[in-house]
Structure formats: C-alpha cells, structure tokens
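Visitor: A single structure is presented below for examination.
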Amino acid sequence: MEELIERASRDLVNAKHAIALTGAGISTESGIPDFRGPSGVWTKDPEAERRAYRSYDRFLEDPGAWWEERLTAPSVLGSLEEAVPNPGHRALFELEELGVLKCVITQNVDGLHEKAGNKHLLEYHGSVSKFRCTACGLRFNQDAFDLAKLASENRFPPNCPECRGIIKTDTVSFGEPIPGDVARKSLEEAGKCDLMLICGTSAVVYPFASLPRVARGRTAVTIIELNAEPTPLTGEGISDYFIQGKTGEVLPRIAEEVKKIRKQV
Ligand SMILES: [Zn+2]
C-alpha cells in the first residue's frame, strides 16, 4: 500500500495535465446514500426509482406541472444541503491548490467538490444546488428564483432571465442528455490528460464511462484507480494500477506525499 501511494504521488508530481474522475464512493463517507447498494435509496423504495425514470418525460410533457410536483415531493436523497466534504474531497482540493490536479470531473450531484473549494470542476450529472436553463445552458444558484412566489402566482415553470428558456434543476435526469458544455469539456480533458486518477467509481454508466476509455486509447497516459473493490476498469486493463482502499483515507496520504516530494525537488 505504502509503495502504491508513493508511486501515485510521484506520477502526479511528474504529470503535466493530471485530472481526477470521481463517483459515489467518495461521497458515501460524507453520509450520502448510494442508489443501488444494499441500503440504497432505490433498493429500499422501488417506487421512487420508477418515478425517477418517468421524471424527464414528465418534464418535457408539462414542465409547469413537473415544477409543482417537485415543490411538494420529498427529496429522495434526504437533505444534501447539510452534507459536508470529507477528507477525500479536501485532499483533491489540496491537490488542485498545489497545481498538481488540473480538473475534477464528478458523477456526483451533491456539490461536495464545490463546497471543498475546487474551482476546475465539471459536474457531469449536474448539481443539486443549481438550476439550469434548458435552452441556453446557463446555471443559476437556487436562490435566484423565488419558487414559492412563482407557484402562488401560477408562473411555473420558471424562465431564464437571459433567454426566457425553461429552467430545470441542474441534476441530469434519466433519459436527459448530458448538458453539451459539460460533455464537451469532459471529453476534451480525457483527450488531453497525461494522468487520470479515478476515485470511488467503477465508471460503468455511459457516457461517463467513455472518459477512462478515451484516455486509455491514447499513448503515454497513466490511469490510477482508487476503489474499495476491484472493478471492470481493473479487469479490462483500463487502469495501469489499482489502489484498494477508502478515498477518505488514501487521498489525504497521497496529498501529504505529494507535498513531501515537492519539498525535495
Ligand atoms: Zn437561457
């Protein structure tokens, strides 16, 4: 383990354009439930899963009604606003601050990388703390709209102040395409990185899953995988090496090691 942490830290220091890919595994240590695990949100409530699958069609059919339902329905993930970044998130922020990590691409919608302070962040599936214009793609903080007032004045769905397009939550629903800007920038990052650090995700859900595969298709890219258990990335030979462990424990050790190496050179 110690050896692998040193190897990863050295590779990070030597990389010119290192990026990280993250998934649910980095957030479970902040108490965010997953969806399909043994005590996952949908394992416990299959009806909520069926509703989630229908949600985007419902939005397209009748965005006004979709917004009304959304105001009254309880959030399936509980109160994400209270969740705080854990040592894994903080270590990735530290690596960005050190200039080692150039970008984080996350599948998580919990906003914890943003809370940790990361600036070069691509939220592939959106963020629960934002709204997005479905026409021009602008993102807004939730407090940019007074939903209760709009509801009472029968003015759902909210409209974009820039282009009058229909506003949706930023989180990407089932069946909804990945927003064009995020999809394009993520592919660009995968196409130019020379190191990819994959943390807490098996990267099996497409199109996100294409990112490590795009990187693997190029020469001179090091792909490091940090997960609790081996994944298809390990089995298919996508990752160059695999570090087995918790992101909240391993990433801070990598950040420490990177600082040590930096002092030596
Ligand atoms: Zn707009």
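Visitor: Which of the residues belonging to segment 140-152 are in contact with a Ser or Thr (Cβ under 8 Å, 6 or more places away or on another chain) and either open to solvent by 70 Å² or more (accessible area, probe 1.4 Å) or in contact (Cβ under 8 Å) with a residue 24 or more places away in the chain (or both)?
Guide: Of segment 140-152, the ones in contact with a Ser or Thr (Cβ under 8 Å, 6 or more places away or on another chain) are 141-142.
Selection gives Asn141 alone.
Visitor: Restricting to segment 174-186, what's the tally of residues that are of a type outside the set (A, V, I, L, M, F, W, C), within 27 Å of Arg58 (Cβ to Cβ) and open to solvent by 30 Å² or more (accessible area, probe 1.4 Å)?
Guide: Of the residues in that region, 4 qualify.
Visitor: Among the candidates Glu257, Glu189, Glu225, Glu229, which residue alone is charged (D, E, K, R), open to solvent by less than 60 Å² (accessible area, probe 1.4 Å) and either free of Cβ contacts under 8 Å to residues at least 40 places away in the same chain or touching a Gly at 6+ places or on another chain (Cβ under 9 Å) (or both)? First the steps, then the outcome.
Guide: Values: Glu257 fails: either free of Cβ contacts under 8 Å to residues at least 40 places away in the same chain or touching a Gly at 6+ places or on another chain (Cβ under 9 Å) (or both); Glu189 fails: either free of Cβ contacts under 8 Å to residues at least 40 places away in the same chain or touching a Gly at 6+ places or on another chain (Cβ under 9 Å) (or both); Glu229 fails: open to solvent by less than 60 Å² (accessible area, probe 1.4 Å).
After applying the criteria, what remains is Glu225.
Visitor: Hey, another quick one. Of the residues Gly25, Gly37, which is under 16 Å from Thr201 (Cα atoms), open to solvent by less than 50 Å² (accessible area, probe 1.4 Å) and in contact with a strand residue (DSSP E or B) (Cβ under 7 Å, 6 or more places away or on another chain)?
Guide: Testing whether each residue is under 16 Å from Thr201 (Cα atoms), open to solvent by less than 50 Å² (accessible area, probe 1.4 Å) and in contact with a strand residue (DSSP E or B) (Cβ under 7 Å, 6 or more places away or on another chain) leaves just Gly25.
The values are calculated or read from the model by the stated rules, or taken from the named source; none is laboratory data. Since the model is a prediction, treat every value here as computed from it, not as a measurement. We place every Cβ from the backbone using ideal geometry, glycine too, and count neighbours over all the protein chains shown. Note: accessible area is taken over every heavy atom of the protein model, side chains too, but ligands, DNA and RNA are not part of it. Shrake-Rupley method; radii C 1.70, N 1.55, O 1.52, S 1.80 Å.
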